[in-house]
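What follows is a single structure, written as structure tokens, with notes after it.
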Amino acid sequence: MNKTAANRRWDNYWGRNLKSGGYLLRKSIKNFAYRIIRFFMLFGMCFLILQPIFNKISISIMAEEDLYNAMVITVPEHFTTANYQLAGQFMDYWKTMANTVFVSLTIAMLQIAVCTIVGYGFARFEFPLKKFWFACVMLVIIIPPQTISTSLHLHFRFFDLFGIAKMLTGSTINLRGSALPYYLMSAGCMGLKNGLYIYMIRQFFRNVPKETEEAAYVDGCGTFKTFVRIMLPGAKPILTSCFLFAFVWQWTDGFYSKMFLGNIKLLSVQLQQIGERLGNYMIHTLNQATGASVGYTQCIVSTGTLMVIFPLLLLYLFAQKGFVESLSSSGIKM
């Protein structure tokens, strides 16, 4: 009976194809070819993303002798967790991760708070030189922060607000080595990627119908109350996206962290020093005059990298539903 039903569907298909002059067959072939091409493209993209991670996982559980064994490719012959213990010791992992969570969380919350206010202002209000100031926001996105690193260093090394500190104490204030300069920059929308967050939030609010706010004004809401009670709840998708971006980028940032947070141990900074610490460990603790080999150094660095990104993977597993929904429901239009 199943064969008869299948034959009927097949005959029906060919009958429809003959009536369409072969169009149905051509369309079916195109759809099949499209699916095959899409499969290989997605498979290739996933392979490019996941293969380096799987490679680092494999290396991280290998003993040093397996790194130079030509017979060992993916599966280690001598399984070990000593690499994780050494990487955690060199990075002071748990204390450093606590510092990183605190800094990343507070910086991300501060950045999204101020960028939301600025983005809403650009989307809904008219003020002098509005286009000029928005062009400055675009420049913040385009120009790399390294171009102003010297100015930032001098500004916070000899910090003085309107000359008040020098007038009272006779000298400027050195804010280098503390978290305060970075918090000040984030509060002024000059932190890491703040221009991008302003642009995304502004584009979202521009797509919200103005009738929504007008209805709130008619009901007696003021500007602030309308923003807090009407606009912010509807902006949860884009705020979720921006917050996750801010948290992840701050977690992995090395430029601003080294410039402003030098006295605070962060995972991104500690990871950059793990190779040097491994060499010192091999020379002074294990009494190996040659230090660590290049392969073993890369092994410990790969292990440390996994330990740095592992909390982000957990964050994504718990937040992926909201993150995907926020991106799908907050299409950005010019």
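Odds and ends about this structure:
- Each stretch of four or more DSSP H residues adds -39500 (n - 2.57); spread over every residue of the chain, this sum gives -22500 deg cm²/dmol at 222 nm.
- Filter on Lys131/Lys236; Lys193/Lys225; Lys193/Lys265; Lys30/Lys210; Lys210/Lys258 - keep pairs with C-alpha separation over 32 Å: Lys30/Lys210; Lys210/Lys258
- Placing +1 on the Cβ of every Lys and Arg and -1 on the Cβ of every Asp and Glu, with no other charges, gives the chain a dipole of roughly 1680 debye about its Cα centre.
- Taking label points 7 Å from Cα along the Cα-to-Cβ direction, Thr106 and Ile143 give a separation of 2.9 nm.
- In this structure the amide hydrogen of Ala63, modeled in the peptide plane, comes within under 5 Å of the amide hydrogens of His78, Thr80, none closer than 5 places in sequence on its chain.
- Remark: segment 120-130, residue by residue, has Karplus-estimated 3J(HN,Hα) of 5, x, 5, 7, 10, 10, 10, 8, x, 6, 4 Hz, where x stands for each Gly or Pro and the curve is 6.51 cos²θ - 1.76 cosθ + 1.60 at θ = phi - 60°.
- Projecting the Cα atoms of Ile143, Ile173, His284 onto the charge dipole of the chain (Cβ charges, centred on the Cα centre) puts Ile143 farthest toward the positive pole.
- Within segment 97-111: backbone nitrogen closer than 20 Å to the Leu317 label point (7 Å, Cα to C-beta): 97-98, 101
- Solvent-accessible area per residue, Å², over segment 82-330 with all protein chains present [probe radius 1.4 Å]: 54 Å²
- Rg and Dmax of segment 148-214, both derived from C-alpha coordinates alone, stand at 18.1, 56 Å.
- Gaussian network model of the chain, Cα within-10 Å springs - most flexible of Thr240, Thr116, Thr223: Thr223
- Note on P(r) over Cα pairs in 10 Å bins from 0, in percent: of the candidates (1) 5, 18, 22, 25, 22, 7, 1, 0; (2) 5, 16, 21, 20, 16, 11, 7, 2, 1, 0; (3) 6, 27, 34, 23, 8, 1, the value calculated from this structure sits at (2).
- When the Gaussian network model of the chain links Cα atoms closer than 10 Å, the mean-square fluctuations of Tyr68, Tyr197, Tyr316 top out at Tyr68.
- Distance between modelled label sites at Lys95 and His153, nm, 7 Å Cα→Cβ extension: 2.8 nm
- For segment 41-116 versus segment 132-176, the gap between their alpha-carbon centres in whole angstrom: 35 Å
- Accessible carbon and sulfur surface of segment 15-174 relative to its total accessible area, %, 1.4 Å: 72 percent
- Dipole of the chain, positive end: most advanced residue of Met91, Leu313, Trp10 [Cβ charges, Cα centre]: Trp10
- Distance-filtered residues of segment 171-202 - backbone nitrogen under 17 Å, label point 7 angstrom along Asp160 Cα→Cβ: 171-176
- Computed FRET value (nearest 0.05) for Lys30 with Trp10, which takes r as the C-beta separation and R₀ as 22 Å: 0.65
The values are calculated or read from the model by the stated rules, or taken from the named source; none is laboratory data. Note that the structure is predicted; figures quoted are calculated from it, not measured. Positions of Cβ are backbone-derived with ideal geometry, glycine not excepted, and every protein chain shown enters the neighbour counts. Remember, those area values only see protein heavy atoms, side chains included, never the ligands or the DNA or RNA. Shrake-Rupley method; radii C 1.70, N 1.55, O 1.52, S 1.80 Å.
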